[in-house]
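Scroll down for the structure; my scribbles are underneath it.
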Number of protein chains: 2
Amino acid sequence: MKIAHIAPLYESVPPRLYGGTERIIAYLVDGLVERGHQVTLFASADAVTRADLVPVRHQALRLDANPLTSPTAAHLSMLHQVRQQADQFDLLHFHLSHFVHFPFFEDFPERTVTTPHGRLDYADLPDAYRRWPHFPMISISDRQRQPLKEANWIATVQHGLPLDLHRPVERDPLGYLAFLGRLSRDKRPDRAIEIARRSGLKLKIAAKIGDDDRTYFHETIAPMIDGRQIEYIGEIGESDKAEFLGNAAALLFPIDWPEPFGLVVIEAMAFGTPVIAWDNGAMPEIIDQGVTGYIVRSIDEAVAAVVRLPELDRRTVRQTFEARFSADRMVREYEAAYVQLMDGLAR
Amino acid sequence: MKIAHIAPLYESVPPRLYGGTERIIAYLVDGLVERGHQVTLFASADAVTRADLVPVRHQALRLDANPLTSPTAAHLSMLHQVRQQADQFDLLHFHLSHFVHFPFFEDFPERTVTTPHGRLDYADLPDAYRRWPHFPMISISDRQRQPLKEANWIATVQHGLPLDLHRPVERDPLGYLAFLGRLSRDKRPDRAIEIARRSGLKLKIAAKIGDDDRTYFHETIAPMIDGRQIEYIGEIGESDKAEFLGNAAALLFPIDWPEPFGLVVIEAMAFGTPVIAWDNGAMPEIIDQGVTGYIVRSIDEAVAAVVRLPELDRRTVRQTFEARFSADRMVREYEAAYVQLMDGLAR
């Protein structure tokens, strides 16, 4: 199949900084090449890919030292370019949010498919989608669809990671709880801290403090960090992640927002590390209760889950990860969705 | 003429909060109705207008209490709606930035005209514009065009205000210098403070402190505010503006960015208040040197300009404002540009 993938231009593919969307695009695109497809990637020039790259901007927007960039204009330029070359592809796969590509391809929506990588509960999305109701969509979890039920959903394809990306560490975990991600209000690091305090376990927080989160961090979280039981270790890179997640007794994911997937959850599983997550967003779809972790609805339940961590077998966690969340599984499911779309076109 | 105006959806038309673009749209649209045109305004439902309103969103985005809004989706929906009704109009006048409407109207760019209301020196704009090179554009100053010289500019129409909106106060000014606007780094309130200190005059700062500017304000500006010579009076509304600007010896506008117009500058003139402005952006086009104010390039020059303020006649400042910056003049110049476009279509 000749498939074009159209990536957002905010981060490079794969990302040099934080960026789950761009990592998934990188795994998907390389996996499709591996399986013999002719894949073209429209992305910024700093992409590293096995696909044919059409560099539509000299650099990802967030990595650009120029403070005056226009995401709107950059994406419009890219989409104009994609349309000029559209005839060369069997299918155009868009990874853009908020439908900015719909006006460009309204003459042949059936030859496109869109994976929105973010939450969909923005007030303006249903009205906008209703104006282009034929664009096929693929969700990253069933939960993600909920605010936009009426869309033309053709599949859910959960994210996956290369199996050799992370390996369980060879020794016993070190008995601390881990919190990894942005230190924003809706990720609820305060809940993680309370769970650790009441469990009597150490909590290590590895997190980026974004500009938006600075006030929240300094006012609410920093006073609870004592450097002994509750430790803040700053932002960590890919290479430190193995040690941080692999050695943890569990990852805490006590989120307060409808997270459509939560890549870090399956990263933890890749190390054999179970996850204690709030019953929100896609968590119940991703975590096998009592196998790869526990879904909880209160601090009490979370503390009880910590007590029951020894009941979970870390090898089983890793095996479940391999069975459910490999990049290969993800690539094959996308491929199946493409075939389904092509069959529709042929009919 | 049957003219559609398409407003941004961030603020209401006219704005309830800060928003120069939406105020100008309100004056222009009402002025065109006054002159007998059939005008339709696409805007959020909170618009107050003499035109026929097509309410495309229940409320302006910034006034929406829902934190999850999608400006992209909201504008896409509106543009879809405009295109559906496009046949009803002789001309579509867009007040949107960054070309988001171009893909919708690429079949008949000659029946559209676009006034970009912001700065145009964003890295991504030239490349995007080159992909839709036929869209006629109207600048709000000649300086605004500079980063996008190659665009299809058909006119410059400077902003204007209704003559009865502001009236000079009936007594002598109170001898303070005024600073009005956002307290952001590139508006250079620090320069205003230094000018006042070295001139020995009072400076009154009326300004909004946006989220982005809080750190700058607290670290750089707040320590220089002594409450006696340098006074911060907070954000002021339309009704307080008359007193604030009308009683000032001069408005200081020591900007450090290529301001494409600067509405507050002609507001000051409407009160007969002269302006001391940095030689940047559109300032030399708007201020008549030695008549309505002084253009300066250094603190020394600014201090010298303060000394020479008594040489300026406040009645002449008001008269110059009336001659150059009335809403009526603006409306007639836009009308002339429309006629020019219609002539092109008829040929």
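Residues are listed down the side, and each one gets a yes or a no for (1) at pLDDT 95 or above; (2) touching a strand residue (DSSP E or B) at 6+ places or on another chain (Cβ under 6 Å); (3) at the interface with chain B (Cβ under 10 Å from one of its Cβ atoms); (4) closer than 27 Å to A:Val265 by Cα:
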| position | (1), (2), (3), (4) |
| --- | --- |
| A:Glu106 | yes, no, yes, no |
| A:Pro109 | yes, no, no, no |
| A:Val113 | yes, yes, no, yes |
| A:Tyr122 | yes, no, yes, yes |
| A:Pro126 | yes, no, yes, no |
| A:Pro136 | yes, yes, no, no |
| A:Asn152 | yes, yes, no, no |
Residue list for region B:67-78, filter: of a type outside the set (A, V, I, L, M) and at the interface with chain A (Cβ under 7 Å from one of its Cβ atoms)
B:Thr69, B:Ser70, B:Thr72, B:Ser77
Given the conditions (1) farther than 21 Å from A:Leu28 by Cα; (2) open to solvent by less than 40 Å² (accessible area, probe 1.4 Å); (3) among the hydroxyl-bearing types (Ser, Thr, Tyr), and given that A:Thr316 satisfies all but one, which numbered condition is not satisfied?
(2)
Qualifying positions in region B:32-44 - in contact with a strand residue (DSSP E or B) (Cβ under 9 Å, 6 or more places away or on another chain) and part of a helix (DSSP H, G or I):
B:Leu32, B:Val33
Residues satisfying the stated conditions in region A:20-61, i.e. acidic (Asp, Glu) and either loosely packed, with under 15 Cβ neighbours inside 10 Å or within 14 Å of another protein chain (Cβ to nearest Cβ) (or both)
A:Glu34, A:Asp52
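Only one residue in B:Gln85, B:Gln81 is surrounded by fewer than 22 Cβ atoms within 10 Å (Cβ to Cβ), of a type in the set (S, T, N, Q), more than 9 Å from chain A (Cβ to nearest Cβ) and under 18 Å from A:Ala128 (Cβ atoms). Which one?
B:Gln85
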I'm told A:Leu309 meets every condition in (1) more than 28 Å from A:Ala26 (Cβ to Cβ); (2) in contact with a helix residue (DSSP H, G or I) (Cβ under 9 Å, 6 or more places away or on another chain); (3) open to solvent by 10 Å² or more (accessible area, probe 1.4 Å) except one. Can you identify the failing condition by its number?
(2)
Verdict on A:Asp64 being within 14 Å of chain B (Cβ to nearest Cβ) and farther than 22 Å from B:Phe102 by Cβ
yes
Considering residues that are closer than 18 Å to A:Gln81 by Cβ and open to solvent by less than 20 Å² (accessible area, probe 1.4 Å), the number found within region B:108-134 is 5
Considering each of A:Val54, A:Val29, A:Val48 in turn, give the residue that is outside the structural domain of A:Val264 (by TED's automatic domain parsing) and in a helix (DSSP H, G or I).
A:Val29
Counting only residues that are within 19 Å of B:Pro71 (Cα to Cα) and of a type in the set (D, E, K, R), how many does region B:94-118 have?
0
Conditions (1) closer than 26 Å to B:Ala336 by Cα; (2) surrounded by 24 or more Cβ atoms within 10 Å (Cβ to Cβ); (3) not basic (Lys, Arg); number of the one not met by B:Glu11
(1)
Among A:Ala248, A:Ala222, A:Ala206, A:Ala242, which is more than 30 Å from A:Gln146 (Cα to Cα) and in a loop (DSSP other than H, G, I, E, B)?
A:Ala248
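The values are calculated or read from the model by the stated rules, or taken from the named source; none is laboratory data. Please read all numbers here as calculations on a predicted model, not as lab measurements. Counting neighbours? That spans all protein chains shown, and the Cβs are built from the backbone with ideal geometry, glycine included. Just so you know, the surface numbers come from the protein's heavy atoms only, side chains and all, with ligands and any DNA or RNA stripped out. Shrake-Rupley method; radii C 1.70, N 1.55, O 1.52, S 1.80 Å.
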